[in-house]
1. Would you say Leu359 is aliphatic (A, V, I, L, M), open to solvent by less than 50 Å² (accessible area, probe 1.4 Å), over 20 Å from Glu433 (Cβ atoms) and touching a residue at least 40 places away in the same chain (Cβ under 8 Å)?
2. Is there a residue being open to solvent by less than 70 Å² (accessible area, probe 1.4 Å), out of contact with any Leu (no Cβ under 6 Å at 6 or more places or on another chain), assigned to a loop (DSSP other than H, G, I, E, B) and farther than 25 Å from Lys174 by Cα anywhere in segment 280-302?
3. Could you list, in sequence order, all residues of segment 473-511 that are among the small types (Gly, Ala, Ser) and over 20 Å from Gln551 (Cα atoms)?
4. Any idea how many residues of segment 417-447 are within 30 Å of Phe68 (Cβ to Cβ) and either polar (S, T, N, Q) or surrounded by fewer than 17 Cβ atoms within 10 Å (Cβ to Cβ) (or both)?
5. Of the conditions (1) more than 25 Å from Ser504 (Cβ to Cβ); (2) modelled with pLDDT of 90 or more, Gly41 fails just one. Which one is it?
6. What are the pairs, 6+ residues apart or on separate chains, where a residue within segment 390-416 that is open to solvent by 20 Å² or more (accessible area, probe 1.4 Å) has its Cβ under 9 Å from a residue that is basic (Lys, Arg) and not in a strand (DSSP E or B)?
7. Would you point out the residue of segment 477-527, among those that are hydroxyl-bearing (Ser, Thr, Tyr), free of Cβ contacts under 8 Å to residues at least 12 places away in the same chain and touching a strand residue (DSSP E or B) at 6+ places or on another chain (Cβ under 9 Å), that is most open to solvent (accessible area, probe 1.4 Å)?
8. Of Lys334, Lys348, which residue is assigned to a helix (DSSP H, G or I), at pLDDT below 90 and open to solvent by 60 Å² or more (accessible area, probe 1.4 Å)?
Amino acid sequence: MLKSLEIENYALIDQVKAEFSDGMTCITGQTGAGKSIVLGGLSLVLGKRADTTIIKDASKKCTVEAVFEIQNKRIKSFFTENNLEYDDLTIIRRVIYPHGKSRVFVNDSPVKLSVLENLSVQLIDIHSQRKTQTLLGDDQQLRLLDSFAQNGELLNQYQLTFREYKKAQQTIKKLIDDHTLDQKSRELNEFLFQELEEAELHHDLKSQLESQLNELVHSEEIQNGIKGALHTLNSEPYGLNNQMIELQTFIDNVSKHSNQYLGFSQRVSSLRIEVHELSFELDRSIDSIVVHQEDINQINERLNQINKLELKHRVQSVEDLIEKREALRKSLDKAQQFQDHLNTLESKREKIYNQLEQLGKKLTETRKAKSIHLIEEVESLTKQMGLDALKIKLDFQTKQDFEYRGKDHLNFLIKINPGSPYKLLNKVVSGGELSRIMLALKTVISRYKKLPTVVFDEIDTGISGNIADAVARVMRTLSNHMQVITVTHLPQVAAVGQHHFKVSKESESLSTKTIIKKLDTSQRVQEIASMLSSNQITSTALKHAQVLLNQS
């Protein structure tokens, strides 16, 4: 619950601090005194968007600090999930600087505004006549019904499955879109791949072709070189072959007289054989050098083809072309596998759809079953608040597609007078009637939602007399289950609160400021008497105020 609220340099507030207790707290004050400013400060510390116009003194920062007592395990788990330091007394502080920057702290740890917003909805619910209009929205009506039906776990399962289903749909759409795009470029890719495939590319191809071309272009020089080598080997009488024979004779003669020269004889013999084989191979190779211009042209064409492909694909080497060819091959293979992949994804989506449908049906069944009991309890409370003939009906319709909260479309139908037809809520009720219906809903649902604190901002506007007494009793009953803070103009409501604050304005020579003060019993009598007699305190009003307080 809310333990304290401290506001500095906000709107007309220099500095105020209020400490709250459990049960029911009433806040009163004349119109324009600044009650809405106090609640504006509370909204600010709970995550409401802010700008520098709310700063009273533009040379100083604006600070709002709220202390909450937390005893809810679910809220404790929120701290763990968001890596926040937990304390039973949690301090939330919001600072707005004159230059426009805003900072948020939870137990002195800086957090993002989105984290604060997610935390605050678990701590407190601020409700006003304006916010009552949200009851007319389909989403809000489903939220209220789900809270009453305690559908939290079931709804969470449904929403997890819903997100999974939407993700499966997006994956399929992307696959189809990509395939459609691939189809447009498939013919080009097939042509490019076929062109690279027919080029019969392999590593070192270009260097090999260039080597072959160089050999053909210089074939005459090669032939002349080989002829010269053969002449050196075989010319008479001083060719290398003849000299090797002569060398062999000399060494053999020496080795006859000493074994130590046998090794030389063997080495010379090996040299003779090597020279003879070299002569034979050179002689044979010269016959194989046959040059045709067609061969040169063919190699030049291959090299030109490779150069054009490199230029076309904007790469630097045959290795890059091979890499490009393999990438195109994979792309074409992927396109061929599209249907198999699509079938797998659609099968998975269908399975998720069936799970979603089952959970959606279960949600609808639970909502319909629990709506009967909700209607009974709300009608009982609204009857106590003067809507004796009010009848409520929840009309369920099925949406065509799954949505985040299911397939249910909920129409909140009522009739005020017997015999009249049911009509949509916003077509037949006034603001005061709608506020009483919302108060009844809040009272019923509070037992299930387990929200620590609810704030009512003048939702009792437009009612008086016995109905005001009934509204006051309902609020007091609601405070048995949760902390209730209500801003009110009704003396009947102010009297039933266990705690009472008054908001007022003080004017000085150069400025006006808002203050908030907790009233003791005698001060409460004076304030309620003032409310009863339109700010003119009479003895009758004082007696009536005392009676109201004694009855509470």
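The values are calculated or read from the model by the stated rules, or taken from the named source; none is laboratory data. The shown structure was predicted, so the numbers you read here are calculated from the model rather than taken from an experiment. Note: ideal-geometry Cβ built from the backbone for every residue, glycine included; neighbour counts use all protein chains shown. Areas reflect the complete protein model, heavy atoms only, side chains present, ligands, DNA and RNA absent. Shrake-Rupley method; radii C 1.70, N 1.55, O 1.52, S 1.80 Å.
1. Working: aliphatic (A, V, I, L, M): yes; open to solvent by less than 50 Å² (accessible area, probe 1.4 Å): yes; over 20 Å from Glu433 (Cβ atoms): yes; touching a residue at least 40 places away in the same chain (Cβ under 8 Å): yes.
Taking the combined requirement at face value, the residue satisfies it.
2. Yes, there is a match, as at least one residue in segment 280-302 is open to solvent by less than 70 Å² (accessible area, probe 1.4 Å), out of contact with any Leu (no Cβ under 6 Å at 6 or more places or on another chain), assigned to a loop (DSSP other than H, G, I, E, B) and farther than 25 Å from Lys174 by Cα.
3. We begin by selecting, within segment 473-511, every residue among the small types (Gly, Ala, Ser); these are 479, 494-495, 497, 504, 507, 509, 511.
If the condition is that a residue be among the small types (Gly, Ala, Ser) and over 20 Å from Gln551 (Cα atoms), then Ser504, Ser507, Ser509, Ser511 are the ones that fit.
4. Of the residues in segment 417-447, the ones within 30 Å of Phe68 (Cβ to Cβ) are 434-447.
Next, from what is left, pick out any that are either polar (S, T, N, Q) or surrounded by fewer than 17 Cβ atoms within 10 Å (Cβ to Cβ) (or both): 435, 443, 446-447.
Total satisfying the criteria: 4.
5. Among (1) more than 25 Å from Ser504 (Cβ to Cβ); (2) modelled with pLDDT of 90 or more, the lone unmet condition for Gly41 is (1).
6. Listed pairs, sorted by first residue: Leu394/Arg367; Leu394/Lys368; Phe396/Arg367; Phe396/Lys368; Phe402/Lys166; Tyr404/Arg163; Arg405/Arg143; Lys407/Lys361.
7. Going through segment 477-527, the residues hydroxyl-bearing (Ser, Thr, Tyr) turn out to be 477, 479, 486, 488, 504, 507, 509, 511-512, 514, 521-522.
Narrowing the set further to residues that are free of Cβ contacts under 8 Å to residues at least 12 places away in the same chain leaves 507, 509, 511, 522.
Now drop any that are not touching a strand residue (DSSP E or B) at 6+ places or on another chain (Cβ under 9 Å), which leaves 507, 511.
On the way: Ser507: 94, Ser511: 45 Å².
This residue is Ser507.
8. On the way: Lys348 fails: at pLDDT below 90.
Answer to the check: Lys334.
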